[in-house]
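Notes for the one structure printed next.
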Amino acid sequence: MSDRIRWGILSTGSIAATFAEDLRLLPDAELAAVGSRTAESAERFASAHGAARAHGSWQALVEDPGVDAIYVATPHSAHYEASMLALRAGKAVLCEKPFTLAVAESEEMVATARESGVFLMEAMWMRCIPAIRKMAELVRDGAIGDPVSVHADFGMQGPFPETSRLRDRKLGGGALYDVGIYPVTFAHLFLGVPAAVRAWARMSAGGVDENTGVLLGYDSGAIAALTCSLLGDTARTGTVTGTLGRIDVRRDFFHPHGFTLWRQGETEEFDLPYEGKGYQFEAAEVQRCLREGLLESPVVPLGETLDILRLLAEISGLIGLDYSS
């Protein structure tokens, strides 16, 4: 592995642009190349973000010998195709969340990576944010006792037009897989796999969920109450309550700069500020793993990624969300 990890970005949308800008914050990272379905799009992106090379096809990007790792930033529906191309070319992959809309495809991605000895990680950047990692550490160490409940919400102000990617069923639109994955992942981080799942949703005319509520029950007796929406701007907060205390996460719980720990009527503030949007932390985790010869990240384990995707699939069945046709 070279002194600098050489990144290729597959796709040229807004999330790819954010990742490219945050990559500048890592001195040991290099944006080596970008790949798109058209040369024009790739060249515009390369010019705007300083990529050394622009490829007019995904295949050309994954075959670029000057690329160590590929960030897959396509819409959900194309994650499988793009990631499998990169994995089969022997390139480490950081794939945007969710891996895929079908659990079987995600399982195949994981199996391919493991059988080929190639690194793979879901780009669930929330799990790599310093404040989230500190929260997880505190809960593991018993700072709030035994966790008994998690509450989290993520709603965006609508209305979004039917032409929006967020409402396009063919692109994996809907609240659950785009923003609901954050509350679900937040609950999983502290409570694990639930024993019981209940869910309700308001569905759009186009067949995607636009206002969804989820209630999870656990063998420990803990519960999680989660909501996601494309109709209104919710508080976007997260709370983890335990038998000895509570952690409250401020606005935008999925990439916070701090949180409050409550214990015995007293509070302790944790401030963990950072530059950029926070995408640099998932890139840094990939780079650390590659340098240490790891094939998956202990911070974003593949097994847990699959657990969450199976849970999303179960919720989808309960609310009538179907991407299969």
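The values are calculated or read from the model by the stated rules, or taken from the named source; none is laboratory data. In this text, all values refer to a predicted model and were calculated from it rather than measured experimentally. A quick note on method: Cβ atoms are made from the backbone with ideal geometry, for glycine too, and the neighbour counts reach across all protein chains shown. What goes into the accessible areas is simple: the full protein's heavy atoms, side chains included, and nothing from ligands, DNA or RNA. Shrake-Rupley method; radii C 1.70, N 1.55, O 1.52, S 1.80 Å.
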When you go through Glu314, Glu275, Glu285, Glu268 one by one, which is the residue that is part of a helix (DSSP H, G or I), at pLDDT 95 or above and farther than 19 Å from Ala69 by Cα?
Glu314
Within the stretch 90-197, considering only strands (runs of 3 or more DSSP E) that don't extend past its boundaries, which have at least 3 residues that are in contact with a Leu (Cβ under 9 Å, 6 or more places away or on another chain), in contact (Cβ under 8 Å) with a residue 60 or more places away in the chain and crowded, with 16+ Cβ neighbours inside 10 Å?
120-123, 147-155
Looking only at the stretch 198-239, count every residue that is over 22 Å from the mean Cα position of the chain (by Cα) and surrounded by fewer than 20 Cβ atoms within 10 Å (Cβ to Cβ) and tell me the total.
13
I'd like to know if the stretch 296-306 contains one or more residues that are open to solvent by 40 Å² or more (accessible area, probe 1.4 Å), over 22 Å from Asp28 (Cα atoms) and part of a helix (DSSP H, G or I).
yes
State the number of residues belonging to the stretch 157-187 that are among the aromatic types (Phe, Trp, Tyr) and touching a Pro at 6+ places or on another chain (Cβ under 9 Å).
1
Here are some conditions: (1) of a type outside the set (Lys, Arg); (2) under 27 Å from Val179 (Cβ atoms); (3) open to solvent by 10 Å² or more (accessible area, probe 1.4 Å). Glu30 meets all but one. Which one does it not meet?
(2)
Here the residues within the stretch 50-89 that are open to solvent by 20 Å² or more (accessible area, probe 1.4 Å), within 27 Å of Arg310 (Cα to Cα) and in a helix (DSSP H, G or I) are Ser77, Tyr80, Glu81, Leu85, Arg88
Looking at (1) of a type in the set (A, V, I, L, M, F, W, C); (2) assigned to a loop (DSSP other than H, G, I, E, B); (3) more than 23 Å from Ser229 (Cβ to Cβ), can you tell me which one Leu290 breaks?
(2)
For Phe281, indicate whether it is open to solvent by 10 Å² or more (accessible area, probe 1.4 Å) and within 28 Å of Phe19 (Cβ to Cβ).
yes
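Could you tell me whether Gly35 is on the phi > 0 side of the Ramachandran plot, at pLDDT 95 or above and among the small types (Gly, Ala, Ser)?
No.
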